[in-house]
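The structure under discussion appears below in the form of structure tokens.
The values are calculated or read from the model by the stated rules, or taken from the named source; none is laboratory data. Here the structure is a predicted model, which is why all the values come from computation and not from measurement. Because the Cβ atoms are built from the backbone with ideal geometry, glycine has one as well, and the counts that use them run over all protein chains shown.
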Amino acid sequence: MENALIPTQKTGSKLDLFSSTVCDSIEEALLFFQVAKNRLIDVNQWDEICNTPSSVFRLINAKGQEIVGLVQEDDYIRINIPGPGTKIGEGYDWVKVESITEKEFSDEEILSITVRPSHHPLRAFSETAHFFWSEATSTFQVKRKGNTVYAEVHGRNEAPNNKTSFFVDNLRNTLVGWGAKMGFSYPQWKGLTEGLVKR
């Protein structure tokens with residue numbers, strides 16, 4: 001089931017990261033899965049969960065206001081990555097929550113969140129304000145199989161957003177996108193998967 005929730009890889013680079021925790025019993029795993037789910041949907045705490053120097057994530061609504069609460073479909077996530085931001089994004093990178101899916105089976109359950117690079121929410125018709133182009137996605141998952149709880153991050157179709165109308169943004173996005181492809185984003189996402197299933 002989880003593969004069906006991850007967009008198909010067609011072009012560019014991709015990323016797959018996994019972490020897991022084995023619980024002593026099914027009952028314990030059921031309870032711990034709820035903890036992992038709550039951590040995943042509390043996007044405003046992701047930078048603390050990562051427990052490494054990382055980007056800062058904040059939920060934003062369509063009016064550009066910070067959301068105090070848990071992530072929902074169509075929310076925006078404002079990302080403050082180390083270093084200079086984009087002019088188009090007013091100093092930030094932006095993604096929009098495309099889907100949130102929960103599935104439960106006999107001995108397996110999963111929560112999956114997919115986001116996609118987006119425009120600035122207050123500029124509905126502007127260009128993509130992210131270092132990756134609009135075809136890229138990131139899928140964040142927590143799941144339980146038996147007495148094991150997993151956390152995963154899957155990046156798909158990752159290519160630099162280097163065709164904006166701002167030369168400086170194009171240069172910046174190329175450098176940041178290249179850095180992500182070379183693995184510079186690995187510590188952050190590995191920190192997130194480890195933090196999601198830390199006991």
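For this structure, a couple of remarks:
- Residues in the range 1-19 that are under 18 Å from the mean Cα position of the chain (by Cα) and closer than 17 Å to Arg144 by Cβ were compared, and the one that is surrounded by the most Cβ atoms within 10 Å (Cβ to Cβ) is Ser19.
- Only one entry in Glu158, Glu194 is out of contact with any Asp or Glu (no Cβ under 6 Å at 6 or more places or on another chain), on the phi < 0 side of the Ramachandran plot and either at pLDDT below 95 or surrounded by 23 or more Cβ atoms within 10 Å (Cβ to Cβ) (or both), namely Glu158.
- The residue that is farthest from the chain's Cα centre (by Cα), among those in the range 109-150 that are of a type in the set (S, T, N, Q) and assigned to a strand (DSSP E or B), is Thr148.
- Residue in the range 27-45 that is under 20 Å from His120 (Cβ atoms) and either surrounded by 15 or more Cβ atoms within 10 Å (Cβ to Cβ) or not small (Gly, Ala, Ser) (or both) present: yes
- Qualifying residue in the range 72-85 (condition: over 26 Å from Val149 (Cα atoms), in contact with a Phe, Trp or Tyr (Cβ under 8 Å, 6 or more places away or on another chain) and of a type in the set (Gly, Ala, Ser)): yes
- Against the numbered list (1) closer than 30 Å to Ser165 by Cα; (2) buried (at least 18 other Cβ atoms within 10 Å of the Cβ), Ile49 comes up short only at (1).
- Odd one out for Ala62 among (1) in contact (Cβ under 8 Å) with a residue 40 or more places away in the chain; (2) part of a helix (DSSP H, G or I): (2)
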